[in-house]
Amino acid sequence: MITSSPSLLLFCLTVSLLLLLLPLPSHCADPDPLQDLCVADLSASISANNFPCKPFSEVTSDDFVFDGLRKQANFTDAFGVTVTTGNVLSFPGLNTLGIAMNRVDIEPGGINPPHSHPRASEIGIVIEGKILAGIVTTKNVYYSKVLTAGQVFVIPRGLVHFQLNVGRKKALTFTAFNSHLPGSTVLPLNLFAAAPSIPVEVLTKTFLVDEDAINNIKSKFVF
């Protein structure tokens with residue numbers, strides 16, 4: 001008969017804890033890569049959460065460098081914000097790596113409006129300016145903090161959040177994600193600028209206002 005020793009019990013307990021604590025593939029935002037690199041072939045259709053890989057013979061050093069975040073884009077939208085994305089669509093070398101980065105410029109009084117990222121958590125750092133960063137949980141609890149240069153903030157995956165420039169100068173933040181294509185659901189655009197449009201009746205009943213109020217809001221999003 002096999003008897004259990006204290007060492008064996010300790011070993012089994014340790015292995016059990018490790019299995020519970022180690023990050024499993026199902027807990028990751030993106031699937032784990034199965035090879036050294038897989039530079040995206042953007043001419044092909046995305047499959048199984050990733051783009052097909054370019055042939056190794058066509059991979060160059062430039063595939064691993066992206067300079068799109070060096071300069072601010074022009075402010076062109078109604079919110080006074082420009083978001084420059086560094087995801088797999090603009091930086092093919094990120095394919096299968098489960099990471100991405102954005103540059104967010106917000107003019108004084110501007111806002112990165114309430115939005116969420118369905119496929120990733122987010123961490124950001126304020127480079128310059130002063131912003132009010134806020135998040136809302138699924139239980140409608142609101143958390144916020146005024147942040148200045150050097151401070152870091154984190155947004156749990158899928159939660160609605162925003163950044164409002166509350167300073168007198170332009171604000172600049174860089175944000176990173178644990179997905180090569182985190183996605184962005186911008187609430188006001190989803191509701192009032194969808195194509196085809198969400199029926200006005202749906203919006204009047206949702207916001208408990210009349211049709212004129214909805215049409216007035218929708219008119220702000222004709223770009």
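Structure summary
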{"read-out": "Candidate set: segment 86-108, residues that are open to solvent by 60 Å² or more (accessible area, probe 1.4 Å) and either outside any strand (DSSP E or B) or out of contact with any Gly (no Cβ under 6 Å at 6 or more places or on another chain) (or both); chosen: the one farthest from ALA171 (Cα to Cα)", "value": "LEU97"}
{"read-out": "Evaluation of ASN74 against (1) over 26 Å from LYS220 (Cβ atoms); (2) open to solvent by 60 Å² or more (accessible area, probe 1.4 Å) (one fails), failing number", "value": "(1)"}
{"read-out": "So THR175, is it within 30 Å of ASP63 (Cβ to Cβ) and of a type in the set (Ser, Thr, Tyr)", "value": "yes"}
{"read-out": "Segment 189-209 residues that are touching a residue at least 12 places away in the same chain (Cβ under 8 Å), paired with ones that are open to solvent by 40 Å² or more (accessible area, probe 1.4 Å) and of a type in the set (Asp, Glu) (beta carbon under 8 Å, 6 or more apart)", "value": "VAL200/GLU211"}
{"read-out": "Filter pass, PRO113 being at pLDDT 95 or above, assigned to a strand (DSSP E or B) and not hydrophobic (A, V, I, L, M, F, W, C)", "value": "yes"}
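The values are calculated or read from the model by the stated rules, or taken from the named source; none is laboratory data. Not measured: the values here are computed from a predicted model. Here Cβ is always computed from backbone atoms with ideal geometry, including for glycine, and neighbour counts include all displayed protein chains. These accessible areas exclude ligands, DNA and RNA; they are computed on the full protein's heavy atoms, side chains included. Shrake-Rupley method; radii C 1.70, N 1.55, O 1.52, S 1.80 Å.
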